[in-house]
Amino acid sequence: MYAYDEIDRTLVNERVSEFRDQVKRRLSGELTEDEFKILRLQNGVYLQLHAYMFRVAIPYGTLATNQLRALAHVARKYDRGYGHFTTRQNIQFNWIKLAELPDALEDLAKVGIHAMQTSGNNMRNVTSDQWAGVAPGEIEDPRIWSELIRQHTTLHPEFSFLPRKFKIAITASDHDRAAIKVHDIGLRLIKNEKGETGFEVLVGGGLGRTPFIAKTIRHFVHGGDILSYIEAILRVYNQYGRRDNIYKARIKILVHELGIEKFSREVEEEWQHIRNSSLQIDDEVIEDIRSRFTYPAYEKLPYMPDELRQAAADPDFEAWRKNSVAPHKVQGYSIVTISLKPTGGPPGDATAEQMDALADLADRYSFGEIRVGHEQNLALPHVAKRDLPALWKALDKLGLATPNVNLITDIIACPGLDYCSLANARSIPIAQELTRRFANHELANLIGRLHINISGCINACGHHHVGHIGILGVEKNGEEVYQITIGGRADENAALGTLIGPGVKFDEVADVVEDIVEAYLALRERPEELFMDTVKRLGVEPFKERVYATR
Amino acid sequence: MTSPLEQKKIKIAGPSIVTANRTWDGIVVYRTAARSWSADLSEAAIVRNSDEAKALLAESVADDVGAIGPYIAPVQVGADGKIEPGNLREQIRRTGVTIGQSAQA
Amino acid sequence: MPLVKGGKIMGDSFVKLAVDTPQPEGGDILVPAERFLGDAEGLLEGAGKVGVIWPNNRDIVELVPYLDRIAAVALVFPTFRDGRAYSQARLLRERYNYRGELRATGQVLRDQFVFMLRAGFDAFEVKKQADAEAFMQTAKRYSVFYQPTGDGRITALHRRMQLRHSEGVGT
């Protein structure tokens, strides 16, 4: 966990008072909405269907318990008692009053939380692996670098008015949980032959109207050079990225139009100018940041404690353990994923009571630390295995022990037309219906790993392109219509899904998904062949045939 | 941001209203005939042709401190004069989310 | 439109010339890039100071040969949302060591002053009188900066290093 020092705290407080002044000028009419819009967006404030929406950053997905309690407090005091965790390690509140926002920000600033650059055409919250620092086999904790980049990108004087938003994600594991290939810059932490830390740098990934998988622009950038390299990419983008058309303004379009070779030459040229500047980071700086991350004092614990052996007799516990508990790099500990996808619930929502209760559980069982993942679930990163049975009971009482992590009901969904002013169709009710259809745990387990992603419009906040099954809501003649793709994925083998046929109506979506799943169960070679592997082996056609044969 | 007035020609197909969100708290409001805003759809000024719509929108846009993001939205007016939203989006803005519950309890 | 320089509102000694306005006898002039490049030597021979208005989509490198002879560069923010001139400003100051007046023009608003100062601007054609009057106050909004730029302000990282070292000495 990173602890803010006086310097970080001062900056956050200065940002809050600046925003307070901006809100005051807006409410008095001194600022027009046209002028204010960008200012509020730069601080995470959108206008949605029902009200203002407030998006708060959870950098690299790490939260301390006092921070989670502060989020619960904001939900309770300034909103309607709940929040929505997004796919980019943020939390959103849906009903915040503009006039009260400065107070909410001040309450959050007390625990080192802010909303800077959670929206707007600037560098967004830097995201990372929610298992950072605890995943077995990880090269090193990517959050040290995430924090370095978070600082560097915060209120950047040159890049706060980019052609379009800009997102950076970092992973340090072979298995990419941070979806780096669908980011503007994806960083894969690696070691070179000398054992030095650096990054493979990918650029130009993104979803939305024109989806692209990111391309490698440089196979190795030394850690000490990473800020200058990012700065070079941004400088090229700031000057040459398109500003004439909002749909062509992301860096992915520039990379596509120039071609990766030409784009990388431009970056390389710029980089040579600034490489040996004050952007160079030495080991001491990294050590300083590292020293402000605290790591738990793990105990020496047995691999298989008695408590776990005894609890194994309870099939419900076992179902949850097998599903939601992952190996930890330290023996005797586990990483516990907390599903925010209960049957019939909106994906990614948590009530203030749940947040408070989770904070208590994290204090008790996870060294006071909580993580937020891009799949819209939470995690407790350091749970002693002996505590798993007690933790499970407590989570179950809170409605937070649904054993569906990575299963068909672990759905990513954007807020859709129920909340969002850009949406053309609803997302959440589709997700709710699917969680009811596949509520049977044995069935979901039989199906195995299968990610359904739902977006309510082409902007793709629900990452539908990279869902194993992707669902995109559009509007046609005043009606909601859903296009369905299969074969997408967001991990290290990221791929875009393929459309399986004409769009279907709201009421038919769950039926179509059932048909796809039935087709998969019939087509798979053996039970271990996952959905995405069957699609890869057979292509879209056999699925299409079965789904549309009767339609 | 393009002003709504600069957007393509304003054309309405049937009875319409102007709706926006109130600046200080963001709630959904409707432009009234009394040149102010109301949270109650039944108080909305109804326009029936493009000129009326344009005029109502223009005065709404001018009240930037009162409400933001005004636009024209279709409504249905019953025989009894009761106003109902003309599409799903406006229905949701009026009656709230359709997800049955605001969060898992 | 008030001009802020050195933190104060002041009169503008420069007269802006269009592409085809005749050059006045004396006095300081601000000339569009195109006109300047077409007759740089001629313009620079005049009695007054010469400044150039440089659009945000033209490579600043073209201006580099003249930087030691021009008195002002005016960069343009067609809207405050278009941030290209920030890059141009930093290149002029940090790469090409330009030391003359660097002026922000266009939609220059209060809430961008800090960014502009950090990028190297030292003169501002401010859109609103109230913003111009609030300049000094606004410029002091922040005391912490995470990025090194040519304005020489100490970054958070370096301040921490200093603290670390001074603590090291003390213990």
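Here the Kirkwood formula puts the hydrodynamic radius of segment B:17-105 at 13.6 Å, using every distinct Cα pair.
Look at the dipole of the protein assembly as shown built from charges on Cβ: of C:Tyr96, A:Thr534, B:Ser42, the Cα furthest out on the positive end belongs to B:Ser42. Eigenvalues of the alpha-carbon gyration tensor of segment A:318-437, scaled by 5 and square-rooted, set the equivalent ellipsoid semi-axes at 27, 14, 12 angstrom, largest first. Applying a 4.7 Å cutoff between beta carbons, the unpaired cysteines of the protein assembly as shown are A:Cys420, A:Cys457. Only DSSP H runs of four or more residues enter the estimate; each adds -39500 (n - 2.57), and after division by the residues of chain A the mean residue ellipticity at 222 nm equals -11000 deg cm²/dmol. The angle between the Cα long axis of helix C:156-170 and the main principal axis of chain C comes to about 40°, on a 0 to 90 degree scale. Shielding by partners for peptide B:84-97, expressed as the average number of C-beta atoms from other protein chains within 10 Å of each residue's C-beta, is 4.
Report summary: the helix-based calculation at 222 nm, which adds -39500 (n - 2.57) for every DSSP H run with n ≥ 4 and divides by the residues of chain C, gives -7500 deg cm²/dmol. Legend: P(r) of segment A:173-276 from all alpha carbon pair distances, 10 Å bins from 0, whole percents, reading 16, 47, 30, 7, 0. Going by neighbour counts of Cβ atoms within 10 Å, the residues A:Tyr78, A:Tyr46 line up, fewest first, as A:Tyr78, A:Tyr46. Inter-chain neighbour count for C:67-77: the average number of beta-carbon atoms from partner chains within 10 Å of each residue's beta-carbon is 0. About its Cα centre, the dipole of segment A:453-551 is roughly 240 debye, where the only charges are +1 on Lys and Arg Cβ and -1 on Asp and Glu Cβ.
When each of the peptides A:522-532, C:66-76, A:265-275 is scored by the mean number of other C-beta atoms lying within 10 Å of its residues, the order from highest to lowest reads C:66-76, A:265-275, A:522-532. For the residue pairs B:Lys11/C:Lys127; A:Lys167/A:Lys248; A:Lys77/B:Lys82, the C-alpha atoms sit more than 27 angstrom apart in B:Lys11/C:Lys127; A:Lys77/B:Lys82.
Identify all aspartates and glutamates with a Cα-Cα distance to A:Lys505 below 18 Å; exclude those on the same chain that are fewer than 8 residues away in sequence. The qualifying aspartates and glutamates are A:Asp418, A:Glu433, A:Glu475, A:Glu479, A:Glu480, A:Glu514, A:Asp515. Calculated FRET efficiency, A:Gln280 to C:Lys128, Cβ-Cβ distance, R0 = 56 Å: about 0.90 to the nearest 0.05. Take each residue of peptide C:51-61, count the partner chain Cβ atoms within 10 Å of its Cβ, and average: the result is 1. For segment A:258-411, the number of Lys pairs separated by eight or more positions or lying on different chains, with C-alpha atoms closer than 25 Å, is 15. For segment A:345-423, with the dipole built from +1 on Lys and Arg beta-carbon atoms and -1 on Asp and Glu ones, taken about the Cα centre, which of A:Leu361, A:Thr351, A:His374 lies farthest toward the positive end? Among A:Leu361, A:Thr351, A:His374, the one farthest towards the positive end of the dipole of segment A:345-423 is A:Leu361. Angle of helix B:50-62 to the longest C-alpha principal axis of chain B, folded into 0 to 90 degrees and rounded to 10: 70°. Among the GluC sites (Glu not before Pro) in segment A:167-224, those located in a DSSP loop and surrounded by at most 15 other Cβ atoms within 10 Å of their own Cβ are A:Glu193, A:Glu196. Among B:Leu56, B:Leu41, B:Leu88, whose mean-square fluctuation peaks in a Gaussian network model of chain B (Cα, cutoff 10 Å)? Among B:Leu56, B:Leu41, B:Leu88, the largest GNM mean-square fluctuation belongs to B:Leu88. Compactness of the protein assembly as shown was expressed as the Cα radius of gyration divided by 2.2 N^0.38 Å, which yields 1.00.
Annotation for segment A:141-216 versus segment A:431-451: alpha-carbon center distance of 32 Å. In terms of surrounding Cβ atoms within a 10 Å radius of their Cβ, B:Lys9, A:Lys544, A:Lys77, A:Lys181 rank from fewest to most as B:Lys9, A:Lys77, A:Lys544, A:Lys181.
Since every read-out is calculated from the coordinates, none of them should be taken as a lab result. On a predicted model such as this, the values are computed, not experimentally measured, just so you know. Note that we place each Cβ from the backbone using ideal geometry, even for glycine, and neighbour counts take in every protein chain shown.
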